[in-house]
Amino acid sequence: MPNSYRPDQIIRPEILALSAYHVPPATGMIKLDAMENPYPLPSVLRDEIARLTANAPVNRYPDASAASLKAALRQALAVSDEMDILLGNGSDEIIQIIAMAVARPGAILMSVEPAFVMFRMIATFANIQYAGVPLKKDFSLDLEAMLAAIEKHKPAVIFLAYPNNPTGNLFDAGAILSIIQATPGIVVVDEAYHAFADASLIDQLSQYPNLLLMRTLSKLGLAGLRLGLLVGRPEWIMQLEKMRLPYNVGIMTQLIAEKVLHHTDVLLEQAETIKSERTKMNTYLGTIKGVEVFPSDANFILFRIHKASQIFQALKQRKILIKNLDGTHPLLENCLRVTVGTSDENSQFCETLHTLLSETV
Ligand code: PMP
């Protein structure tokens, strides 16, 4: 037998250098780390889903084009007839499809910093060069820096989350439109948190041929199903569609998502509750001395606090899991991100944080 290779002899060096996306164990914890909707579906709807899935032909591959689900999405999201839809196993997969599709030698994938970490990670997976343009200190877009970076790099694609993760704010829509007009490549506006913001660029699709709009059902209450979508002109979607693996959206996801989409009012009501909880939490956090709260149009709140990593660990010991962003980017020094949960979960988080702060003073 010939000498076999070790991983470091055949895996690409940039993959060897990566750390895997860390998902911390959360059993028994109050889980406020992953922007999930904390509410279950109503029991009537769950019963309907149970019947539907009991009869699902799981011995067969799912509908590769997911035509019925797409029709439901088109209606629920009011997608115009001129636009096509690409489905992904979560929007993560769509980011990957786009990155792979544009990864010509020398191509650049651009985003802002700090942004959703998968933009950068997926660029590495797809072997495409990444350029991150820092946001301003208040987490707004630095339009001048963006325009200069576009001029320099001529990026194949720019990803902008609207609202942004992990900062929670909506960028100035006018600045995004200037970027779309200035760049020679495509701009993917990632509206993962759309349900919690009163803004969208979906109506701009017909105006700008290089704009693509991404959504997900994850934050709305269906994170476990894994369904993301990209809306855009047929000439773009047609090319990306070639890279989509034939059965990337399973039968259970197709059946359940379609059923729930016929009851979007349920999810939107839950989103309204989350928004009013966000206001309460924001106000409360703002009253705590030593806490700097950033405004949020998403279902999470970013805040800065003295000794953030210590506070994060202390919360974890008390079975409250949030996200520690301290050390991930200079603009996020001493920053923590908490997902808006149920009223009870939020009270427990706020009270525990308050107690911890009074103990450490
Ligand atoms: N985009 C943004 C901005 C996100 O924050 C997330 C999830 N954290 C995603 C996309 C991915 O969502 P999913 O793969 O669950 O659709």
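The values are calculated or read from the model by the stated rules, or taken from the named source; none is laboratory data. The model shown is predicted, which means the values in this text are computed figures rather than measured ones. Note that each Cβ is placed from the backbone with ideal geometry, even for glycine, and that neighbours are counted across all protein chains shown.
For the stretch 225-235, the tally of residues that are near the ligand (Cβ under 10 Å from one of its atoms) and free of Cβ contacts under 8 Å to residues at least 60 places away in the same chain stands at 1. Within the stretch 151-163, the set of residues being away from the ligand (no atom under 12 Å from the Cβ) and farther than 20 Å from GLN96 by Cβ comprises GLU151, LYS152, HIS153, LYS154.
This table checks each residue for (1) aliphatic (A, V, I, L, M); (2) assigned to a loop (DSSP other than H, G, I, E, B); (3) farther than 27 Å from GLY221 by Cα.
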residue: GLY327; (1), (2), (3): no, yes, yes
residue: LEU331; (1), (2), (3): yes, no, yes
residue: VAL338; (1), (2), (3): yes, no, no
residue: GLY341; (1), (2), (3): no, yes, no
residue: SER347; (1), (2), (3): no, no, no
residue: GLU351; (1), (2), (3): no, no, no
residue: HIS354; (1), (2), (3): no, no, yes
residue: SER358; (1), (2), (3): no, no, yes
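Quick check: is even one residue across the stretch 158-168 modelled with pLDDT of 95 or more, of a type in the set (S, T, N, Q) and on the phi > 0 side of the Ramachandran plot? The answer is no; no qualifying residue exists.
Within the stretch 262-275, is there a residue that is within 30 Å of ASN59 (Cα to Cα) and surrounded by 15 or more Cβ atoms within 10 Å (Cβ to Cβ)? The answer is yes, given that some residue of the stretch 262-275 is within 30 Å of ASN59 (Cα to Cα) and surrounded by 15 or more Cβ atoms within 10 Å (Cβ to Cβ).
Counting only residues that are of a type outside the set (Ser, Thr, Tyr), assigned to a loop (DSSP other than H, G, I, E, B) and within 16 Å of the ligand (Cβ to nearest atom), the stretch 164-212 holds 12 of them. Within the stretch 213-229, the set of residues being assigned to a strand (DSSP E or B) and over 14 Å from ALA298 (Cα atoms) comprises LEU213, MET214, GLY228, LEU229.
Against the conditions (1) modelled with pLDDT of 95 or more; (2) loosely packed, with under 15 Cβ neighbours inside 10 Å, SER19 satisfies every one except (1). With respect to GLY250, determine if the residue is on the phi > 0 side of the Ramachandran plot, within 16 Å of the ligand (Cβ to nearest atom) and out of contact with any Ser or Thr (no Cβ under 8 Å at 6 or more places or on another chain). No; evaluated as a whole, the condition is false for this residue.
For the stretch 21-53, a tally of residues being away from the ligand (no atom under 16 Å from the Cβ) and free of Cβ contacts under 8 Å to residues at least 40 places away in the same chain returns 9. Could you please find all residues in the stretch 221-255 being buried (at least 22 other Cβ atoms within 10 Å of the Cβ) and under 18 Å from ALA195 (Cβ atoms)? Across the stretch 221-255, the qualifying residues are GLY221, LEU227, GLY228, LEU229, LEU230, VAL231. When residues in the stretch 94-109 are screened for being farther than 19 Å from LEU229 by Cβ and touching a helix residue (DSSP H, G or I) at 6+ places or on another chain (Cβ under 6 Å), 2 of them pass. In summary, helices (runs of 4 or more DSSP H) completely within the stretch 28-135 and bearing 3 or more residues that are buried (at least 19 other Cβ atoms within 10 Å of the Cβ) occur at 67-76, 91-102, 117-125. With the requirement that a residue be over 16 Å from LYS219 (Cβ atoms), β-branched (Val, Ile, Thr) and in a helix (DSSP H, G or I), what does the stretch 254-294 give you? Correct list: ILE256, THR279, THR283, THR287.
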